[in-house]
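Report on the structure given below.
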Amino acid sequence: QKEVEQNSGPLSVPEGAIASLNCTYSDRGSQSFFWYRQYSGKSPELIMFIYSNGDKEDGRFTAQLNKASQYVSLLIRDSQPSDSATYLCAGGGSSNTGKLIFGQGTTLQVKP
Amino acid sequence: EPEVTQTPSHQVTQMGQEVILRCVPISNHLYFYWYRQILGQKVEFLVSFYNNEISEKSEIFDDQFSVERPDGSNFTLKIRSTKLEDSAMYFCASTKTNSLSEQYFGPGTRLTVT
């Protein structure tokens, strides 16, 4: 069974701090990784994607991928209360159909 | 900015009834997907669709489910005989260039089976 695992949290950080969200995956064939933000009752909103080992930065967000360790992370700098949401990690690309396998999500709470 | 749209936002149906959930993917996207999320659980893949045919389906996607692209814009998910356990949020997603590309999700349809 191909799995993506996340700590469900909640992860609580003060406003302005760095939030670090982590994800591991079991399918070594996965080639692409995505971070989605999901507010309660809403649909997943894509915030970052990464295909290559290393870091990828976009504004306050940095995604990190380590394929040898089968590990993906998302750093959120200068966390804001509006960042409070569930963050979903998803892996894809092991089949050529685009199927994504999602983790259960980590709930982030940013306290003012 | 183009976005995926879905209708209805909420569908209530009785067990055993047929439902059709509708999606309009982003216009120049080529790959289409349905996912579902039971309340409090993971987002689960149901089916992928490319070039007018199913390219992959999950174990959830049994004979009660079907998908169709009846015209150049709509993408539908049909559940022939709904069960209580089909109650979930159903999300449509699309991607532009290939199966590795980022997928954009619609707002979802909340299906309640009573």
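The values are calculated or read from the model by the stated rules, or taken from the named source; none is laboratory data. Source: prediction; values computed, not measured. Heads up, the Cβs are rebuilt from the backbone with ideal geometry, glycines too, and the neighbour counts pull from every protein chain shown. Side chains included, ligands, DNA and RNA excluded: accessible areas come from the protein's heavy atoms. Shrake-Rupley method; radii C 1.70, N 1.55, O 1.52, S 1.80 Å.
Can you list the strands (runs of 3 or more DSSP E) lying wholly within the range B:31-114 that have 3 or more residues being within 12 Å of chain A (Cβ to nearest Cβ) and either in contact with an Asp or Glu (Cβ under 9 Å, 6 or more places away or on another chain) or not aliphatic (A, V, I, L, M) (or both)? Quick ask: steps written out before the conclusion?
Numbers: elements: B:31-37, B:43-50, B:53-57, B:65-68, B:75-79, B:88-95, B:109-113.
Where strands (runs of 3 or more DSSP E) fall fully within the range B:31-114 and carry at least 3 residues being within 12 Å of chain A (Cβ to nearest Cβ) and either in contact with an Asp or Glu (Cβ under 9 Å, 6 or more places away or on another chain) or not aliphatic (A, V, I, L, M) (or both), they are B:31-37, B:43-50, B:53-57, B:88-95.
For every residue, the table says whether it meets (1) closer than 30 Å to A:Gly9 by Cβ; (2) touching a residue at least 40 places away in the same chain (Cβ under 8 Å).
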position: B:Thr5; (1), (2): no, yes
position: B:Gln11; (1), (2): no, yes
position: B:Gly16; (1), (2): no, yes
position: B:Val19; (1), (2): no, yes
position: B:Phe32; (1), (2): no, yes
position: B:Tyr35; (1), (2): yes, yes
position: B:Glu56; (1), (2): no, no
position: B:Asp71; (1), (2): no, no
position: B:Thr76; (1), (2): no, yes
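When you check B:Val24 against the structure, is it hydrophobic (A, V, I, L, M, F, W, C), within 21 Å of A:Ser43 (Cα to Cα) and open to solvent by less than 10 Å² (accessible area, probe 1.4 Å), yes or no?
Details: hydrophobic (A, V, I, L, M, F, W, C): yes; within 21 Å of A:Ser43 (Cα to Cα): yes; open to solvent by less than 10 Å² (accessible area, probe 1.4 Å): no.
It is false that B:Val24 is hydrophobic (A, V, I, L, M, F, W, C), within 21 Å of A:Ser43 (Cα to Cα) and open to solvent by less than 10 Å² (accessible area, probe 1.4 Å).
Can you spot a residue in the range A:69-90 that is under 19 Å from B:Ile60 (Cβ atoms) and of a type in the set (Lys, Arg)?
Step one: list which residues in the range A:69-90 are under 19 Å from B:Ile60 (Cβ atoms), which gives A:88, A:90.
Checking the rest, the ones that are also of a type in the set (Lys, Arg) come to none.
For the range A:69-90, residues under 19 Å from B:Ile60 (Cβ atoms) and of a type in the set (Lys, Arg): absent.
Does the range B:62-108 hold any residues that are within 24 Å of A:Gln31 (Cα to Cα) and open to solvent by less than 50 Å² (accessible area, probe 1.4 Å), and which are they? Even if it seems obvious, please write down each step before you answer.
Applying the first criterion (within 24 Å of A:Gln31 (Cα to Cα)) to the range B:62-108 yields B:91-106.
Within the range B:62-108, B:Phe91, B:Cys92, B:Ala93, B:Ser94, B:Thr95, B:Ser99, B:Ser101, B:Glu102, B:Gln103, B:Phe105, B:Gly106 meet the criteria.
Can you name the residue in the range B:82-114 that is modelled with pLDDT under 95 and out of contact with any Leu (no Cβ under 9 Å at 6 or more places or on another chain) and is also nearest to B:Leu46 (Cα to Cα) among such residues?
Filtering the range B:82-114 for residues that are modelled with pLDDT under 95 and out of contact with any Leu (no Cβ under 9 Å at 6 or more places or on another chain), the one nearest to B:Leu46 (Cα to Cα) comes out as B:Ser99.
Check off (1) open to solvent by 40 Å² or more (accessible area, probe 1.4 Å); (2) touching a Pro at 6+ places or on another chain (Cβ under 9 Å) for A:Ile18 and give me the number that stays unchecked.
So A:Ile18 meets the others, but not (2).
In the range A:64-96, which residues are open to solvent by less than 60 Å² (accessible area, probe 1.4 Å), under 19 Å from A:Lys2 (Cα atoms) and within 14 Å of chain B (Cβ to nearest Cβ)?
Those that are open to solvent by less than 60 Å² (accessible area, probe 1.4 Å), under 19 Å from A:Lys2 (Cα atoms) and within 14 Å of chain B (Cβ to nearest Cβ): A:Leu65, A:Leu88, A:Cys89, A:Ala90, A:Gly91, A:Gly92, A:Gly93, A:Ser94, A:Ser95.
Of the residues A:Phe61, A:Phe49, A:Phe34, which single one is touching a residue at least 12 places away in the same chain (Cβ under 8 Å), open to solvent by 20 Å² or more (accessible area, probe 1.4 Å) and out of contact with any Ser or Thr (no Cβ under 7 Å at 6 or more places or on another chain)? Steps first, answer last, please.
Details: A:Phe49 fails: out of contact with any Ser or Thr (no Cβ under 7 Å at 6 or more places or on another chain); A:Phe34 fails: open to solvent by 20 Å² or more (accessible area, probe 1.4 Å).
Only one candidate passes the filter, namely A:Phe61.
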